[in-house]
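Data first, discussion second: the structure below is written as structure tokens.
The values are calculated or read from the model by the stated rules, or taken from the named source; none is laboratory data. Being a predicted model, the structure only gives us computed values, none of them experimental. So basically every Cβ, Gly included, is an ideal-geometry build from the backbone, and we count neighbours across all protein chains shown.
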Amino acid sequence: MPFDKSKFIGQFKSETREHIQKLNQGLLKLERAPASKELLEVLMREAHTIKGSATMMGYERITDIAHRMEDGFEKALKQGFMIEKAHFDLLFECLDTIEGLLEDKVTWEAKGINRPYLEGLCGSVERIFSGEVPGKQKKEVMKERGKAKKEDTIPPVISSAAVETIRVGTDRLNKLMNLSGELVISKIRLNELVRSLAESTGYREDIDKNTTALIRELQKADENIDFSTSNIQDEVMNLRMISVSYLFNTFPRAMRDLAREKGKDIELEIRGEDTRLDKTIIDEMKDPVMHLLRNAVDHGIEEPGVREGRNKPASGKIILHAYQKGSQIIIEVSDDGAGIDVNKIREQAVNKGIISGERIAEMADEQIFQLLFTPGFSTKEHVTDVSGRGVGLDVVRERIAKLKGMIEVESKPGAGTRFIMKLPLTLAITESLLVVSGRETFAVPIDAIVETIRVTPKEIKTVETKEAITVRGHIIPLIRLNEIFGISPRGISEKKFFPVVVVQYVEKRAGLLVDRLLGRQEIIGKSLGKPLKKLKNIAGGTILGDGSIIFILNIPSIIESAEGAVVKKPGPEPARHPAKKKQKTILLAEDVLSTAMLEKNILESAGFSVVVARDGDEALKRVSQEKFDLIITDILMPKMDGFELTERLKKDKLYKDIPVIIVTTREGDADKRRGLKAGAEAYILKREFTSEGLLDILERLIG
Amino acid sequence: MAKKVLLIEDSPIDAAIVKELVEKEGIEVEVAMTGEEGLEKARRIKPDLILSDLVLPGIDGFEVCAQLKKEVSLSGTMVVILSVKDNPGEITKAFSVGADDYIIKAPMPEFLIKKIKLYLGMK
């Protein structure tokens with residue numbers, strides 16, 4: 001009877017990861033309260049569960065490690081000795097190794113997990129718990145355990161209370177969400193039909209009683225559908241909402257390691273971990289939040305000695321706080337460290353030529369802080385320092401903007417810094433302003449709108465061949481929506497006023513000239529099918545209650561194209577996009593955010609335009625959407641590694657001529673051969689990335 | 001009528017695997033995730049065989065086994081411990097509280113199925 005284990009692998013991995021997370025949390029607490037009996041019991045049970053299912057699934061290496069851990073915790077519990085501070089690193093290493101072993105063999109062997117390493121690891125764990133290491137006297141420990149607090153137990157990752165749960169893939173949830181979106185659209189359509197039916201028959205006397213009764217029934221049914229549909233929509237939306245603890249739980253462990261590495265004493269306090277947020281947003285927020293936390297450790301919190309000199313406790317505090325405010329979720333990262341010196345930012349911004357001395361003089365402090373998020377703000381010294389304050393904050397902001405969120409910073413020199421991220425609860429529903437241009441209706445997302453104004457033809461100026469208007473003292477580019485989409489205008493010349501929607505993306509503003517404003521509406525955005533995916537300036541589509549299909553404008557791309565576009569004087573012809581500057585575009589496939597930002601910086605300062613993809617999968621997608629002159633890829637990436645990416649690209653007629661450079665930390669010849677065999681044009685080591693060598697290679701390949 | 005097995009197991013993945021294996025043989029499987037739930041279901045559905053893990057939240061497998069063995073209504077029902085623990089101490093303790101057999105969890109399902117079929121009088 002062949003038994004097919006493969007269908008259980010996914011479940012096994014996800015459950016084991018949950019147990020690992022509980023063990024991580026437990027160990028962190030045990031490190032601070034080594035006498036807790038409750039904690040040891042939980043740890044023992046978690047290790048036992050991993051051991052059990054690993055055995056059933058035939059993951060012997062995991063069984064071996066989990067077995068040593070379980071035995072160890074049991075001994076600590078029953079024979080009563082304290083696990084010493086120095087030994088926690090090893091226990092954490094066990095967890096990392098188990099997590100590594102959940103990947104495929106190539107991946108974990110690449111991480112250095114092999115037979116001798118595993119034997120060494122298991123041996124060390126046995127030795128820790130064998131009593132060879134002098135621990136405290138047994139009696140004393142038992143006494144302390146008795147005193148250990150009740151609250152030292154670990155909260156369950158998923159509340160396993162009376163509610164029965166089943167696992168459902170997110171792809172199925174997405175499908176459900178799409179369906180419920182369609183249901184809502186049909187409902188709105190039905191509402192309108194029923195209303196117009198009632199209106200058109202209401203004044204007529206030739207309608208018989210039966211028909212009137214039927215219409216009344218129809219109205220009632222329509223109300224019921226209304227009610228159920230919004231309930232369904234809420235519920236489905238809620239299914240996608242998960243607690244931010246999924247995100248936050250990964251940080252304490254990382255912060256512990258980081259603080260140790262930097263020789264700093266840091267306490268991470270987490271607040272509001274029950275706050276719920278759309279899963280897509282949570283997944284996307286991991287890197288930005290980690291980056292801010294890392295910044296806080298690196299540059300916020302001072303060395304213990306310095307802190308004492310400033311009359312602060314030696315141990316620095318970082319607070320990670322999530323809460324809901326209206327329809328937004330706020331995530332704050334604050335520290336009680338050195339703070340940011342506004343004058344230094346002013347100085348650097350002017351030196352870097354980001355902004356003129358005169359302009360900076362009239363900027364308020366809050367605006368100055370915003371400069372931290374400007375691309376290219378980082379100083380040269382920072383380029384080599386991966387998490388330098390400033391480096392990568394532009395990428396953090398970009399990531400958050402993609403989620404329709406915002407980031408702000410507050411800081412007081414000497415007292416600390418607070419980064420405030422404001423995110424929408426969900427990405428599915430967009431509050432929009434409907435506007436008309438020619439015969440077309442478009443939706444403008446409300447969060448991109450600053451204000452709506454009216455302008456007269458006289459107020460439209462031409463600045464450097466582009467049309468512009470003055471709004472509250474600032475000159476902003478004016479974009480005629482009909483020209484972007486090649487729609488013929490409707491009697492524009494006879495009008496005295498035009499409505500203009502002032503939109504904003506990051507700190508850039510532009511005015512969109514339209515024919516008419518229709519009003520606000522909640523719309524459920526749907527992504528367009530494949531043939532229309534590449535449409536610039538369009539973010540998606542939606543179906544209105546009257547059955548018409550309209551497009552949702554992609555404001556960032558419209559504002560960007562306004563920068564380069566030469567807009568003609570008012571005329572019926574659509575505006576044409578001029579040839580862009582001949583800047584080469586590089587696709588950078590790298591999964592580690594900090595490395596990606598570092599490399600992006602280097603390439604950008606060499607004059608290239610850079611697009612970052614976070615794994616091979618995403619890189620392939622990008623390549624199909626946009627033309628690249630060169631691709632640089634890391635080897636170790638989730639989903640699809642750099643070798644496979646290269647092989648795939650080189651096998652494809654469309655892409656095989658794009659040069660590929662493989663970047664890696666590994667110096668082995670085997671990798672190099674494999675990389676070149678896959679078809680890569682060049683292979684360089686990460687440490688060589690900054691050198692002239694790279695620029696030479698780039699010059700040779702695409703110069 | 002199909003035979004019924006009650007499986008008391010708190011790890012969802014382990015439960016899913018055993019359930020799949022046993023159901024393939026045309027045997028019905030009811031899963032309980034805690035000792036308490038196991039006792040309750042045993043009384044209610046009167047299974048033909050009970051498989052229980054040892055480490056369970058709340059009352060553990062030893063206690064479950066001991067209580068099941070005290071139930072008059074379940075006097076004829078075999079209780080088999082299914083655990084990854086393989087030390088003699090645990091095994092001896094399981095038999096001392098009345099377990100009818102002790103199967104060590106292993107990646108060899110044939111053995112488990114053979115024993116279950118044997119106890120259920122199936123060929």
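Observations on the structure shown:
- Residues (surrounded by 17 or more Cβ atoms within 10 Å (Cβ to Cβ) and small (Gly, Ala, Ser)) located in the stretch B:25-45: B:Ala32, B:Gly35, B:Gly38, B:Ala42
- In the stretch B:85-103, the residues that are modelled with pLDDT of 90 or more and more than 13 Å from B:Phe62 (Cα to Cα): B:Ile103
- Any hit, the stretch B:85-99, residues being in contact (Cβ under 8 Å) with a residue 12 or more places away in the chain and of a type in the set (Phe, Trp, Tyr): no
- Close pairs (8 angstrom Cβ cut-off, 6 or more residues apart or separate chains): charged (D, E, K, R) in the stretch A:485-514, at pLDDT 90 or above anywhere: A:Arg509/A:Val502; A:Arg509/A:Val503
- The residue list A:Asp71, A:Asp89, A:Asp96 contains one member that is under 30 Å from A:Asp671 (Cα atoms), of a type in the set (D, E, K, R) and in the same structural domain as A:His19 (by the TED database), which is A:Asp96.
- Residue in the stretch A:221-230 that is touching a Lys or Arg at 6+ places or on another chain (Cβ under 8 Å) and either free of Cβ contacts under 8 Å to residues at least 24 places away in the same chain or charged (D, E, K, R) (or both) present: yes
- Per-region count, the stretch A:42-58, residues within 7 Å of chain B (Cβ to nearest Cβ), over 33 Å from the mean Cα position of the chain (by Cα) and free of Cβ contacts under 8 Å to residues at least 40 places away in the same chain: 6
- Within the stretch A:331-347, the set of residues being crowded, with 19+ Cβ neighbours inside 10 Å and out of contact with any Gly (no Cβ under 8 Å at 6 or more places or on another chain) comprises A:Ile331, A:Glu332, A:Val333, A:Ile340, A:Ile345.
- With respect to being in a strand (DSSP E or B), of a type outside the set (A, V, I, L, M) and in contact (Cβ under 8 Å) with a residue 12 or more places away in the chain, A:Glu467 fits the description.
- Every residue from the stretch B:1-36 that is under 16 Å from B:Lys117 (Cα atoms), within 10 Å of chain A (Cβ to nearest Cβ) and not hydrophobic (A, V, I, L, M, F, W, C): B:Glu20, B:Lys24, B:Glu25
- Cβ separations smaller than 9 Å between residues 6+ apart or across chains give the following pairs from the stretch A:100-125 residues that are more than 21 Å from A:Ala670 (Cα to Cα) to residues that are of a type in the set (Phe, Trp, Tyr) and surrounded by 11 or more Cβ atoms within 10 Å (Cβ to Cβ): A:Gly100/A:Trp108; A:Leu101/A:Tyr59; A:Leu101/A:Trp108; A:Leu102/A:Phe12; A:Leu102/A:Tyr59; A:Leu102/A:Trp108.
- The stretch B:37-54, residues that are in contact (Cβ under 8 Å) with a residue 12 or more places away in the chain and more than 20 Å from B:Leu118 (Cα to Cα): B:Glu37, B:Gly38, B:Leu39, B:Lys41, B:Ala42, B:Arg43, B:Ile45, B:Leu54
- Selection of the stretch A:66-84 for residues being more than 14 Å from every other protein chain (Cβ to nearest Cβ) and under 30 Å from B:Pro107 (Cα atoms) yields A:Gly72, A:Ala76.
- Residue check: B:Pro57 meets all listed conditions (1) within 13 Å of chain A (Cβ to nearest Cβ); (2) within 14 Å of the chain's Cα centre (by Cα) but one, namely (2).
- Residue check, B:Glu90 within 14 Å of another protein chain (Cβ to nearest Cβ), assigned to a helix (DSSP H, G or I) and at negative phi: yes
- Residues of the stretch A:652-688 that turn out to be within 31 Å of the chain's Cα centre (by Cα) and of a type in the set (Lys, Arg), as a count: 4
- Strands (runs of 3 or more DSSP E) lying entirely in the stretch A:600-678 (those with 1 or more residues that are surrounded by fewer than 17 Cβ atoms within 10 Å (Cβ to Cβ)): A:609-613
- Selected residue [within 11 Å of another protein chain (Cβ to nearest Cβ) and of a type in the set (S, T, N, Q)] from B:Ser83, B:Ser75: B:Ser83
- Residue count for the stretch A:1-13, restricted to those that are of a type in the set (S, T, N, Q) and facing chain B (nearest Cβ under 9 Å): 1
- Contact map, the stretch A:247-270: residues that are in contact (Cβ under 8 Å) with a residue 60 or more places away in the chain paired with residues that are of a type in the set (Asp, Glu) and surrounded by fewer than 20 Cβ atoms within 10 Å (Cβ to Cβ), Cβ distance under 6 Å, separation 6+ or inter-chain. Pairs shown: A:Phe248/A:Glu273.
- Residue within the stretch A:23-36 that is within 14 Å of chain B (Cβ to nearest Cβ), in a helix (DSSP H, G or I) and either on the phi < 0 side of the Ramachandran plot or touching a Lys or Arg at 6+ places or on another chain (Cβ under 6 Å) (or both) present: no
- Pairs where the first residue, in the stretch B:103-123, is more than 10 Å from chain A (Cβ to nearest Cβ) and the second is surrounded by 11 or more Cβ atoms within 10 Å (Cβ to Cβ) and polar (S, T, N, Q), C-beta under 6 Å, 6+ apart: none
- Within the stretch B:37-54, the set of residues being within 14 Å of chain A (Cβ to nearest Cβ) and more than 14 Å from B:Ala94 (Cα to Cα) comprises B:Glu37, B:Glu40, B:Lys41.
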